[in-house]
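Notes for the one structure printed next.
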Amino acid sequence: MSTPEYEHGELVSLEESRDPLWFKRAVFYEVLIRGFADSNGDGTGDIRGLTEKLDYLQWLGVDCVWLLPIYESPLRDGGYDISDFMKVLPEFGDLGDFVHLVDEAHKRGMRIIADLVMNHSSDQHPWFQASRSDPDGPYGDYYVWSDSDEPYSEARIIFVDTEKSNWTWDPVREQFYWHRFFSHQPDLNYENPAVQSEMIDVLKFWLDLGIDGFRLDAVPYLFEELGHNGENHPKTHEFLKRVRREVDALYPDRVMLCEANQWPDDVVEYFGEDGDECQMAFHFPLMPRLFMAVRRESRYPISEILATTPAIPKNCQWGIFLRNHDELTLEMVTDDERDYMYAEYAKDPRMKSNVGIARRLAPLLENSRDQIELFTGLLLSLPGSPVLYYGDEIGMGDNIYLGDRDGVRTPMQWSADRNAGFSKADPQQLYLPTILDPVYGYQALNVESQMRSSSSLLHWTRKMLAVRKQHPVFGMGDYQELGTSNPSVLAFVREFGDDKVLCVNNLSRFPQPVELDLRRFEGMVPVELTGLVHFPKVGELPYLLSLPGHGFMWFGLQPGDHP
Amino acid sequence: MSELEDVLREWLPSQRWYGGKGRVVTAVRVEHEERLSGGEDVRHTLLRVTDEDGQTERYQVLLGHRSGEVEQRLRNAVVGEVDGRTLYDAAHDPEAVGTLLQLLAEGRSLSRLSFTSTAELDPTLSPRVMGAEQSNTSVVYGEDYILKLFRRIQPGLNPDLELTRALAEGGSPYVAAPLGWLEGEVDGQTTTLALLQAFQHNSTEGWAMATASVRDLFAEADLHADEVGGDFAAESERLGQATAEVHLLLREVLPSETADADESARTGRQLHERLDAAIAVAPDLEPHAAALRAAYDQLATRSDPVPVQRIHGDYHLGQVLRTEHGWVLLDFEGEPARSLAERTALMSPLRDVAGMLRSYDYAARHLLAERGGDSQLAYRANEWAERNRQAFCDGYARAAGTDPRDEAVLLRAFELDKAVYEVVYEVRNRPAWLPIPMGSIERLASR
């Protein structure tokens, strides 16, 4: 089996460049450890496998790797049911492997963040076992127990398909316990100061091992109260502020990304009033609107959502993405009578099935290279830190027969070798089969072959990440949309001091002209960022550009040489 | 005529906003002239223009007077030379239109002109003259305001100001709030000369949105209008809703009444008369005259009372803007060719609905006109128009509480009347597009 050779980047120490706002400039890359690289040939990816691929990620231009849960777990909910917060799932490796991964990433100037579930544990967690068997013992109050299943009835049931109630009877303790998710995931009792301290200790444990931050899962649900719907409780915000204070005091450049699958107006509360809670949160409604805008050949789905997105504190950042590991159901954004989305999607069943369900980027865009590039260009230039999903940089396909979630979690395609170069195990032993179809199959579509071809999507993606890196404005800058009379063209300016970038995107499949009002930049010269070609100077008349179908261009706006 | 009036007589007919297309101007008289500021010599000038048919109209011009040559960028705006001075249309001069904003911001009154603002204005914003339009010239200041300088002037309050203001004060999100206006005395009446409104940053005309959708449909070989990505129906539905809400508010804040059967008869007569005049210009209409008249008679003889109110009056996809916050309706002037009395008369709001429904037909078919006959495309164009017309009516019905389609007789008569008007317009201006309204008349009349 051959391993592609990556040119080695410089080894730099993060210690010398402590920057508390690094996450605003970073490109994130979401990795499923299970699906990335298998170092020991057991058919399942592991931490050592990922560590071996760090050179690749550095070569690509990734700044931060985001890991899904790595903790010990009975795996009844994809690892979001944690049975020991301080242990690594054995099939992924051990704590030593993790420390090694973090060290090796840091040597390459990259960072590692991981998912952590704050709201609940697995019912297999020793805390829960102790709590149910010894109500008066030290763990008796670690969970939310009740003699009745009546309280907190205002809290909605999230998994309506499987759960009848947020309370489940425990025959051992002979009481009901509270759970907002599955009944095997009892909610921790945050009213108990010991639980708060215990979970902060969990965070510190991983921070001491060098982790650069967390995506905090299911944070809106930490506190319950009678008469309250159990989401976004003020005490939850108080607790997050405390977590942030304690983390910042000891570890000044770590990031907390909040998972609150809600409308931006509500999510901003998790940044705190002065940016004193989580530094990052995902912008959920942007993603479906990108797809809608290109399908409609109209910029308004995007313009609208960005115009109504509230401002966020300076030290905070949205995380934006095209695809990720999860199904992103539209219910999350339409719940609140978002009639716009509802009207658009209800009329277009194809949109509904495509955006709601986990498909990978390439198959979703019918493998159109132009569209993949346009979407990636938007991801890299709209306000927020982009999160790439593993495999999308080579245009990997999915396997819809594996079901909604597993379909996009197949092994990373490294080469044309056995098991796509992912594992030396027998093919039957793999955690999921590799993709074999004639278009997306690993024999043709893999990292190794795309490294060899300079026109590949992989090289293109790497180039764009490099361009983005040269212009901090993409991460730090203001965003202002330029109105144009052509509804199919989305044009905007990003500004960060003298760093000014103009981005023009044709959302239509047809070539389009556009006239831009650039009077504010009169006398400046637009320089196309990938080829550094100088375009005509901006004058007082509207600036005319033509774009090919699904084309986009980025320009740096430079001072003109002549008056 | 003075030398100045002579120069203007030559210059006027070539202006886009000159209403007497094709008719020679026989006389121009300067009715009133007033210098705007102490800097450049720019004079607000009101002209009384008589054409070869003996019709008189009033036009408003900002005339710049320069002793020497004008700068390069104003060359296209030059009107002519008088007494060795260069005259130019100062609506294209950033300095002159900047002065207008200044005067509005200060709320100044000159001898016959009065400037009013309803909001604190920033007079330093830099102006940009937009392309000329049919009846006015627009100037955008910064990205905040747009000034519409009416060119053809009819004495009295301009319905655009009247309705936009009433709607904005009624809290409607569907209009651009008026920020100020310019008035002057014409024929002893206070007359609206210009209107300043909030500029809709990042907006697009409904026409451009709709035709992008049609283009997308035509590019698909085998998908129907409800299957293609560029589907416009959800936008149409929201537009219908916005239209209905504007109608409801207009009915609430401005006069309205319920017209009786006599009114239906009068409307019917009016439609017949308009058809008579149209056939004289476009004999192609003759074969359809019987069907058209039958439709009008159905309207004329209905006995149900018809609610009438102030309406937009010239409603189509070019009069609506898609903004970041939804649809905004523009230009409540009514059909520019009609008299002020006609434009301010109470009418059935279904006329606006009919206007927009006609516009969907145009949007669907104008690409066909460019491509020549293709029955497959024609079928698809029809499908698109039908889908969006229904969606518009759905949205309208939901907000209004009454479905315009329930008033089939009225709607059909108004649509036909609109199509007849379009036939005349196309015969005069764009013969290549004539098949669009003719085709619609054929389809509607055969129903």
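What follows draws every value from the coordinates through simple rules; no lab data is involved. Just so it is clear, the model here is predicted, and its values are computed rather than measured. Quick reminder, even Gly has a Cβ in these numbers, built from the backbone with ideal geometry, and neighbours come from all protein chains shown.
Putting +1 on Lys and Arg Cβ atoms and -1 on Asp and Glu Cβ atoms, find which of A:88, A:56, A:100 reaches farthest to the positive end of the dipole of the range A:46-173. So the residue we want is A:56.
How would the range B:204-445 be classified by its alpha-carbon gyration tensor: rounded, prolate or oblate, with rounded meaning a/c under 1.5 and the a/b versus b/c comparison settling the rest?
Details: a/c = 1.75, a/b = 1.19, b/c = 1.47.
Since a/c reaches 1.5 but b/c is at least a/b, the shape of the range B:204-445 is classed as oblate.
With K and R counted +1 and D and E -1, the other residues having a Cβ less than 9 Å from that of residue B:332 yield a net charge of -4. For a modelled paramagnetic label at residue B:406, 7 Å from Cα along Cα-to-Cβ, no residue of the range B:241-272 is in reach, as no backbone nitrogen comes under 13 Å. Once a ≥ b ≥ c are taken as the square roots of the eigenvalues of the Cα gyration tensor of the range A:67-194, is the result rounded (a/c under 1.5), prolate (a/b larger than b/c) or oblate (a/b not larger than b/c)? Here the range A:67-194 falls in the prolate category. Near residue B:102, once Lys and Arg are set to +1 and Asp and Glu to -1 for all other residues with Cβ below 12 Å from its Cβ, the sum equals -2.
Give the percent of DSSP beta bridges with both residues in chain A that are antiparallel, rounded to the nearest 5.
DSSP beta bridges in chain A are roughly 55 percent antiparallel.
Distances between placed amide hydrogens fall under 5 Å for residue A:170 paired with A:175, A:176, A:177, all partners being 5 or more residues away or on another chain.
The length gained by stretching the chain between residue A:416 and residue A:95 to full extension, at 0.36 nm per residue less their Cα-Cα distance, is 112.4 nm.
Restricting to Cα pairs below 8 Å that are 6+ residues apart, what does the relative contact order work out to for the range A:120-187? Please round to a whole percent. Could you put the intermediate results ahead of the total?
Working: 107 pairs, mean separation 24.2, N = 68.
Contact order relative to length: 36 percent.
Taken residue by residue and averaged, Cβ atoms of other chains lying within 10 Å of the Cβ of A:293-301 number 6. Working from label points 7 Å from Cα in the Cα-to-Cβ sense, the residue B:398 to residue B:55 distance is 4.2 nm.
Panel order for A:24, A:164, by other beta carbons found within 10 Å of each beta carbon, from fewest to most: A:164, A:24.
Listed values for the range A:405-413 are Karplus-derived 3J(HN,Hα) couplings in whole Hz (6.51 cos²θ - 1.76 cosθ + 1.60, θ = phi - 60°), namely 7, 5, x, 10, 10, 6, x, 4, 9, and x replaces Gly and Pro.
Any idea what the dipole of chain A comes to, in debye rounded to 20, about its Cα centre with Lys/Arg Cβ at +1 and Asp/Glu Cβ at -1?
Working: 52 positive and 91 negative charges, 462 e Å.
With Lys and Arg at +1 and Asp and Glu at -1, about 2220 debye.
Modelled this way, with points 7 Å down the Cα-to-C-beta line, the labels at residue B:258 and residue A:436 are 7.5 nm from one another. The modelled label-to-label distance for the pair residue B:301/residue A:201, using points 7 Å beyond Cα in the direction of Cβ, is 9.3 nm. When shorter helices are ignored and each DSSP H run of at least 4 residues is given -39500 (n - 2.57), the per-residue value for the protein assembly as shown at 222 nm works out to -10500 deg cm²/dmol.
Put in line by how crowded their Cβ is, counting other Cβ atoms within 10 Å and starting with the fewest, A:437, A:136, A:123 read A:136, A:437, A:123.
Using 0.36 nm times the number of residues separating residue B:126 and residue B:371, minus their current alpha carbon distance, what extension gain do you get?
Details: separation 245, 0.36 × 245 = 88.20 nm, distance 4.15 nm.
Taking residue B:126 through residue B:371 to full extension adds about 84.0 nm, to one decimal.
Projecting the Cα positions of A:526, B:395, A:284 onto the charge dipole of the protein assembly as shown (unit charges on Cβ atoms of Lys, Arg, Asp and Glu, taken about the Cα centre) puts A:526 furthest along the positive direction.
In plain terms, the chain from residue A:242 to residue A:443 could stretch by 67.3 nm, reckoned as 0.36 nm per residue minus the Cα-Cα distance. Compared with the dominant principal axis of the Cα atoms in chain A, helix A:234-250 is inclined by about 70°. Hey, with R₀ at 60 Å, roughly what FRET efficiency would residue A:173 and residue B:446 work out to, going by the Cβ-Cβ distance, to 0.05? That pair, residue A:173 with residue B:446, gives E of 0.15. Across peptide A:484-492, the average count of Cβ atoms from other chains found within 10 Å of a residue's Cβ is 4. Across chain B, C-alpha contacts under 8 Å between residues 6 or more apart give a mean separation that, scaled by the residue count, equals a relative contact order of 12 percent.
Using the Cα centre of the range A:184-249 as the reference point, and only Cβ charges (+1 on K/R, -1 on D/E), how large is the resulting charge dipole? Debye, rounded to the nearest 20.
Values: 7 positive and 13 negative charges, 45 e Å.
For this selection, approximately 220 debye.
Once the Cβ-Cβ distance of residue B:73 and residue A:533 is raised to the sixth power relative to R0 = 30 Å, the FRET efficiency obtained is 0.60.
Using +1 on the beta carbon of Lys and Arg, -1 on that of Asp and Glu, and nothing else charged, what's the dipole of chain B about the Cα centre, debye to 20? Can you show the working numbers first?
Working: 47 positive and 74 negative charges, 88 e Å.
Dipole of chain B, to the nearest 20 debye: 420 debye.
Once C-alpha pairs closer than 8 Å and six or more residues apart are averaged by separation and normalised to the residue number of the range B:240-362, the relative contact order reads 30 percent.
Rounded if a/c is under 1.5, else prolate if a/b is larger than b/c, else oblate: which is the range B:98-190, with a ≥ b ≥ c the root eigenvalues of its Cα gyration tensor? It is rounded, given that a/c, with a ≥ b ≥ c, falls under 1.5.
For B:213, B:256, what ranking results if the residue with the fewest other Cβ atoms within 10 Å of its Cβ goes first? Taking fewest neighbouring Cβ atoms as first place, the list is B:256, B:213.
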